[in-house]
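Reading through the structure tokens given below for one structure.
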Amino acid sequence: MIPLFALPSHRGIRFRVPLRVALPLAVFAGWVMDLGFPDRDWWPLALVGAGLMILSVRGVSFPQALLVGALGSFSFYGIHIWWLTVYLGLIPWVALVLAQVFFFSLGLGLISLVWRYSSAQWTSLSGRLVVVPALIAGAWVTREAISSVYPWGGFAWARIAQSQSESPLAPLIAWVGTSGFSFLLIWFVAGVIAAFTERRMSADAALTVSAAGLVALLVWPAWPIQESGSLRVLGVQGNADAGLYADYDRGDNLSDHYQVTRELYDEDVDVILWPENASDIDPLRYPGAAAVVSEVSRELNAPLVVGAITKDGDDSYNSMLLWEWDDELERGIARDQYDKIHPVPFAEYLPERDFFYPLAPALFSMIPRDYSFGQRDTVFALEGALAGIAICFDIVDDEILWSIMGEGADIIFAPTNNADFGRTDQSVQQLAIARLRAIETGRSVVNVSTVGTSAIMDPYGKTLDRLPVYTEGYMIQDVPLSTTLTPATALGRSVETFVIGLTLAGLGIAMASHRGRVRRKEAATRP
């Protein structure tokens, strides 16, 4: 009887990392990986850290790889999302880190199987340098893809592609999307490891192959963007330190953003953008708030895109309103509304409330209401432009991004409220994702936060204007519009699906071939 997961021997794998080395190596790799993301933003270190993580499971068993992955991912995510503790404390941070540890461990376990089985299957030099690294990259992307959507919409944060917003490699994302970009990065990293650990290659040859791979990535051209006009945008950062959890006086957000904007009534703009929950009193229900936002729209003679918490019967929504002064009615009205389609679990709603609430009543009392899931479209029709709306964490959600692009947006507004995360890395991590989304879609992105970091980026990801954190201020720019269809937009999730299918098929073939070899060897030894 041949065991289902009978492993090939270690003889086909040079430079096997013993477990006593793999464990501290993975912990170190997690720390190095985080240095590659904002705020440090030393982007090459994200690739170095990922390489060390992949190397740490080279030659270890599947159970050992799970342990290595658990320690390495706890090191990485524990540092990377420390911002979660600012208002929520340690318990939610631990819960989210452990959820990511679960997926990351399985991902490294899968990579350990690829190292072992695929190295035994594809033994030629090209197989070891091209096919095996491609399957490792596919295993990495498979883990990223699953954890980005599951459970409850997943946590699509800290994908390796998101470390490269300031990298010269960033233009690649317009060709293959976020998952495809992650695949190319890890394929290169795994290929470097394979080259330097291959018996049939000298160090000089390995260095030459690695350099050639890096040059190929660096010289790949940016996707050309054809501008279709511009929109003069006023983005306001009110320095309103009132988030979802922070204690504050109701109306502070509205007042802070109004005070900045009222000084700009002489400006000529096409649209005003205020952040998520900038009107912390709902103008749809309270005439005082309606009067304020109506004055802004009337005096600037432009529509105001403003965040508010709205209600429809018993349902509450995290919404953006397209508010405009109507001369005929002599009052301001909401001409359009976007309700957040995917509220953030354990922040904007408590999934399985009957189960989770009794486990930590004091903690979950901070989420007294569950925001409902929006059903409206994701774009606002402005004069001469169609603006896609991505509220806060929407910017990391691939499905919302493809919805925005499918509805014809030629610019993206990304209003957000970062006050709950204080002076941590969270806001610049989010801004980095927004910059990559600009390149990926070929659309300018206007990222406006209550407290920062606010910035306007063109379709190539170039920063046109930026405001420092915890400073009231504004940005006025003629922002490029575009209807260019990037390959990433055209392909959508198909790259991710193809990579996952290729990886599982490749590993399946390698495992089946190994079982066949074992069966034939046993048959040959029978009398």
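The values are calculated or read from the model by the stated rules, or taken from the named source; none is laboratory data. These numbers were taken from a predicted model, which means no experiment stands behind them. Every residue, glycine among them, receives a Cβ derived from its backbone with ideal geometry; neighbour counts consider all protein chains shown.
One table, with the values for the structure above:
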| item | result |
| --- | --- |
| Considering residues of the range 287-335 that are among the basic types (K, R) and over 35 Å from the mean Cα position of the chain (by Cα) only, the residue nearest to D268 (Cα to Cα) | R298 |
| Subset tally (residues that are farther than 19 Å from D394 by Cβ, not in a helix (DSSP H, G or I) and not hydrophobic (A, V, I, L, M, F, W, C)) for the range 287-326 | 8 |
| Filter result for the condition that a residue is over 25 Å from F196 (Cβ atoms) and not hydroxyl-bearing (S, T, Y), over I136, I146 | I146 |
| Meets criteria (of a type outside the set (A, V, I, L, M, F, W, C), modelled with pLDDT of 95 or more and farther than 26 Å from G508 by Cα) for E166 | yes |
| Test result for V260, among the aliphatic types (A, V, I, L, M), in the same structural domain as A381 (by TED's automatic domain parsing), in contact (Cβ under 8 Å) with a residue 40 or more places away in the chain and not in a helix (DSSP H, G or I) | no |
| Check on I333, surrounded by fewer than 22 Cβ atoms within 10 Å (Cβ to Cβ) and in contact with a helix residue (DSSP H, G or I) (Cβ under 9 Å, 6 or more places away or on another chain) | yes |
| Elements of type helices (runs of 4 or more DSSP H) in the range 19-125, at least 1 residues being among the acidic types (D, E) and at pLDDT 95 or above | 19-35 |
| Flag for L113 being surrounded by fewer than 20 Cβ atoms within 10 Å (Cβ to Cβ) and either without any contact (Cβ under 8 Å) to a residue 40 or more places away in the chain or not assigned by TED's automatic domain parsing to the domain that holds H342 (or both) | no |
| Residue that is farthest from the chain's Cα centre (by Cα), among those in the range 456-483 that are surrounded by fewer than 18 Cβ atoms within 10 Å (Cβ to Cβ) and aliphatic (A, V, I, L, M) | I476 |
| Some residue of the range 183-193 being more than 30 Å from T486 (Cβ to Cβ), surrounded by 14 or more Cβ atoms within 10 Å (Cβ to Cβ) and in contact with a helix residue (DSSP H, G or I) (Cβ under 8 Å, 6 or more places away or on another chain) | yes |
| Residue among T378, T416 that alone is more than 17 Å from the chain's Cα centre (by Cα), under 28 Å from Y474 (Cβ atoms), among the polar types (S, T, N, Q) and assigned by TED's automatic domain parsing to the domain that holds D315 | T378 |
| In the range 129-140, the residues that are crowded, with 24+ Cβ neighbours inside 10 Å and more than 15 Å from G107 (Cα to Cα) | V132 |
| The one condition in (1) modelled with pLDDT of 95 or more; (2) surrounded by fewer than 24 Cβ atoms within 10 Å (Cβ to Cβ); (3) outside any loop (DSSP other than H, G, I, E, B) that L284 fails to fulfil | (3) |
| Residue pairs meeting the criteria (Cβ under 7 Å; at least 6 apart or on separate chains; first farther than 19 Å from P133 by Cα, in the range 35-53; second at pLDDT below 95 and basic (K, R)) | none |
